[in-house]
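Everything on this sheet refers to the single structure shown next.
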Amino acid sequence: MITGITYAEPLFLWLLVIVPGMIAYYILRQRKTNAAFSMPGLEPFNTTQDTFRNYLRHILFALRMIAVVFLIIVLARPQKTDRFQDVTTEGIDIMLTLDISGSMLARDFRPDRLEASKNVATEFISGRPYDRIGLVVFSGESFTQCPLTTDHAVLINLMREIESGMIEDGTAIGNGLATAINRIKDSDAVSKVIILLTDGVNNRGEIAPSTAADIAKTFGIRVYTIGVGTRGTAPYPVQTPYGIQYQNIPVEIDEAVLKDIASKTGGSYFRATDNNKLVEVYNEIDNLEKSKIDVRQFTRKEEKYLMPAIFGFVLLALESLLRFTIYRNLT
């Protein structure tokens, strides 16, 4: 049996046993068509020999036999089968909440905080194929860049389109968290998680971060907070009469607020001071959030009888055409 091919009616394959019998009968019949005795004295007149064209008459029988084989296969209904086994894997609902304020363009990360955060988040998404993941961005305001989805290709493309300056500048941590909560609170997943990343202090928005944390706790949502930025000073982009220039400005992250959010919701706070540390943070969150789900086995079958049927009928048609044209006088 061809690998990956099964038959819906395999009993019809037993008809293939008639093929050797038909071949044997054909050979026997050909022998009987030869003369049973010879007349002495006729050798001088026996100047004709079987021509190559005469030998080719066996092609007709070969075409018919091959056609019979194909038609028997059609009766057996070949099918291509894709099997998917039962597996146990991890899967939860996650909302990524990303700060895109102007300070995220600081160069203490390579190439800057925002691009580094997008790159690491993209790797995180790619490593969790069974999770539903969404994306919220915030600065002075917040909005949903992508709702919860398993189409990670779309999510990653939307992640790449994020730029600082898309919305009014500022750092509305409470609003960003509240938007993420609103997107995930009605999920029926057993585990609901928000990963909130920021590099500043809450200075905008109508909702206080502590209030948003209380709401998250009410809905059973765990929040992991990440403070992004080196310790001390970092080169920030500053608009000057001579264009954008980078000036070393003290890094200010409201770690107390971020720790409070994580503590209230059963999550954890992490501080990422460079690219490698940010990767480690996401890896740690990835290891912390493992909930097992079962993927059920299913089988997808695709009928594959069409091509054998076409070959069979084409060979029968070719055999008939040759029989009544080129081999008309040889059979």
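Going by what's in this entry, would Ser164 be described as assigned by TED's automatic domain parsing to the domain that holds Leu98, small (Gly, Ala, Ser), buried (at least 20 other Cβ atoms within 10 Å of the Cβ) and touching a Lys or Arg at 6+ places or on another chain (Cβ under 9 Å)?
On the way: assigned by TED's automatic domain parsing to the domain that holds Leu98: yes; small (Gly, Ala, Ser): yes; buried (at least 20 other Cβ atoms within 10 Å of the Cβ): yes; touching a Lys or Arg at 6+ places or on another chain (Cβ under 9 Å): no.
So Ser164 fails the test.
Test of understanding: among Lys118, Lys80, which residue is outside the structural domain of Val228 (by TED's automatic domain parsing) and either closer than 25 Å to Val281 by Cβ or touching a residue at least 24 places away in the same chain (Cβ under 8 Å) (or both)? Give the steps one after another, and end with the answer.
Numbers: Lys118 fails: outside the structural domain of Val228 (by TED's automatic domain parsing).
Sole residue among the options that is outside the structural domain of Val228 (by TED's automatic domain parsing) and either closer than 25 Å to Val281 by Cβ or touching a residue at least 24 places away in the same chain (Cβ under 8 Å) (or both): Lys80.
Scanning for something in contact with a Lys or Arg (Cβ under 9 Å, 6 or more places away or on another chain), outside any strand (DSSP E or B), at pLDDT 85 or above and not basic (Lys, Arg), does the stretch 81-97 turn up at least one residue?
yes
If you take the residues in the stretch 254-308 that are among the polar types (S, T, N, Q) and part of a helix (DSSP H, G or I), which one is modelled with the lowest pLDDT? Can you show your working first?
Keep residues of the stretch 254-308 that are among the polar types (S, T, N, Q), which gives 263, 265, 268, 273, 275-276, 283, 287, 291, 297, 299.
Then drop every residue that is not part of a helix (DSSP H, G or I), which leaves 263, 265, 275-276, 283, 287.
Details: Ser263: 97, Thr265: 97, Asn275: 96, Asn276: 97, Asn283: 95, Asn287: 90.
Step by step, filter the stretch 254-308, then rank; the result is Asn287.
Checking Leu177 against (1) free of Cβ contacts under 8 Å to residues at least 12 places away in the same chain; (2) touching a strand residue (DSSP E or B) at 6+ places or on another chain (Cβ under 7 Å), which single condition isn't satisfied?
Against the list (1) free of Cβ contacts under 8 Å to residues at least 12 places away in the same chain; (2) touching a strand residue (DSSP E or B) at 6+ places or on another chain (Cβ under 7 Å), Leu177 comes up short only on (1).
Please indicate, with yes or no, whether at least one residue in the stretch 33-41 is surrounded by 10 or more Cβ atoms within 10 Å (Cβ to Cβ), modelled with pLDDT of 55 or more and polar (S, T, N, Q).
Keep residues of the stretch 33-41 that are surrounded by 10 or more Cβ atoms within 10 Å (Cβ to Cβ), which gives none.
The answer is no, given that none of the residues of the stretch 33-41 is surrounded by 10 or more Cβ atoms within 10 Å (Cβ to Cβ), modelled with pLDDT of 55 or more and polar (S, T, N, Q).
Look through the stretch 202-233, keep the residues that are under 18 Å from Arg271 (Cβ atoms) and out of contact with any helix residue (DSSP H, G or I) (no Cβ under 8 Å at 6 or more places or on another chain), and return whichever of them is surrounded by the most Cβ atoms within 10 Å (Cβ to Cβ).
Thr230
Within the bounds of the stretch 181-189, is there any residue that is acidic (Asp, Glu) and free of Cβ contacts under 8 Å to residues at least 12 places away in the same chain?
Yes, that holds for at least one residue.
Across the stretch 193-238, which residue is farthest from the chain's Cα centre (by Cα) among those that are under 19 Å from Val281 (Cβ atoms) and charged (D, E, K, R)?
Step by step, filter the stretch 193-238, then rank; the result is Arg231.
Across the stretch 243-257, which residue is farthest from Ser126 (Cα to Cα) among those that are touching a Lys or Arg at 6+ places or on another chain (Cβ under 9 Å) and crowded, with 17+ Cβ neighbours inside 10 Å?
Just the residues of the stretch 243-257 that are touching a Lys or Arg at 6+ places or on another chain (Cβ under 9 Å), to begin with: 246, 251, 253, 255.
Applying the additional criterion that residues be crowded, with 17+ Cβ neighbours inside 10 Å yields 251, 253.
Details: Val251: 31, Ile253: 28 Å.
The qualifying residue farthest from Ser126 (Cα to Cα) is Val251.
Out of (1) touching a residue at least 60 places away in the same chain (Cβ under 8 Å); (2) farther than 22 Å from Glu115 by Cβ, what's the single condition that is false for Gly229?
(2)
The values are calculated or read from the model by the stated rules, or taken from the named source; none is laboratory data. All values derive from a computational prediction rather than experimental measurement. All Cβ positions, glycine included, derive from the backbone under ideal geometry; neighbour counts span all protein chains shown.
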